[in-house]
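Worksheet: the structure to be examined is printed underneath.
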Amino acid sequence: MADRLAPGALTTVTYDKADHVATVTLDRPEAMNSFNQTMCDEFTAIWTEVKADDDVHVVVLRAAGERAFCTGVDVKERLHRESNVWSQVDPGEKLSPKLNHVWKPLVVAVHGMAAGGAFYWINEADIVLCSDDATFFDPHVTYGMTAALEPIGLARRIPLGEALRIALLGLDERLSPERALQIGLVSEVLPRADLWARADEIAALIAAKPPAAVQGTVRAIWESLDATRTQALRTGLAYTQLGNPLGTAQIDRNSMPRPDWTLR
């Protein structure tokens, strides 16, 4: 699979790996980084590789160009659809890390427009940063289309009323970086010039931690969203019983240097 991610093998994204961080850059700026069938298929290959490569501890997702992070599906090229409606699948099954059972943290750096299907990645990110020129919106209902998959995922991240407002107002309103920060859609707003460097910095801090502990934490938290509180706590105990001995083996607490922490 690794040769499928080699330089030149991918046509809609770029994939780079260094210091335990895989950086994926959406690379269709001429189409505002909208996803077509090729990008969906390439993300299937990416998540397969990330999941199998233990040298990857964290993934950073960003986008090329100036205008947009991603504007959803490419309406000119469309996606392949089975003629049988019951055989059709959500493109999120290819694009989304958690649906592909990838428990390595995803840091998403958003600039410009993030619309519609862009929420497939934002909804499943572990940390979302944005630049001060970012805007968030979902145009589906404006075009007479039911908005379902993206706002359903979004309602797990932000207050229900905010998810509904984004879905129902369509192209009539965009979410500003300031409002995105207020409602918890993003955790940090930065000048555009600093966005990628800050995403790299956060990814490096996470990548330096024991990967077994990190991945167990990500999986425990995300899988708890599908359970009741009591079920989640009982399952969470099992994760600590499985994961903590592995994490302990990866680090000696007594000899670990104490980092200089920052206040957010």
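Bear in mind these aren't lab numbers, they're just calculated from the coordinates by the rules spelled out. Everything quoted here is computed from the prediction, not taken from an experiment. Note that we place each Cβ from the backbone using ideal geometry, even for glycine, and neighbour counts take in every protein chain shown.
Figures for the structure shown
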| read-out | value |
| --- | --- |
| Rounded if a/c under 1.5, otherwise prolate or oblate - region 63-195, Cα gyration tensor axes | prolate |
| Antiparallel %, DSSP beta bridges [both residues in the chain], to 5 | 25 |
| Order of Thr248, Thr230, Thr217 - criterion: other Cβ atoms within 10 Å of each residue's Cβ, fewest first | Thr230, Thr248, Thr217 |
| Calculated from backbone phi, Karplus (6.51, -1.76, 1.60) coupling profile of region 38-47 in Hz, x at Gly/Pro | 4, 5, 4, 5, 5, 5, 4, 5, 5, 5 |
| Helical contribution to [θ] at 222 nm, DSSP H n ≥ 4, -39,500 (n - 2.57), averaged over the chain, rounded to 500 | -11000 deg cm²/dmol |
| Span from the region 137-159 Cα centroid across to the region 55-74 one, whole angstrom | 19 |
| Bins of 10 Å, starting at 0 and running to the largest distance - Cα pair percent for region 200-255 | 22, 44, 28, 6 |
| Size of the chain as Cα extents on the principal axes (Å, biggest first) | 59, 43, 43 |
| Inter-label distance for Arg165 and Asp133, nm, one decimal - labels placed 7 Å from Cα along Cα-to-Cβ | 2.6 |
| For Val13, distant residues with modelled amide H under 5 Å away | Asp27 |
| Backbone HN-Hα couplings from phi across region 232-240 [Karplus 6.51/-1.76/1.60, Hz, Gly and Pro as x] | 5, 5, 5, 5, x, 4, 4, 5, 5 |
| Three-way shape call for region 107-264 based on the alpha-carbon gyration tensor, with the a/c threshold at 1.5 | oblate |
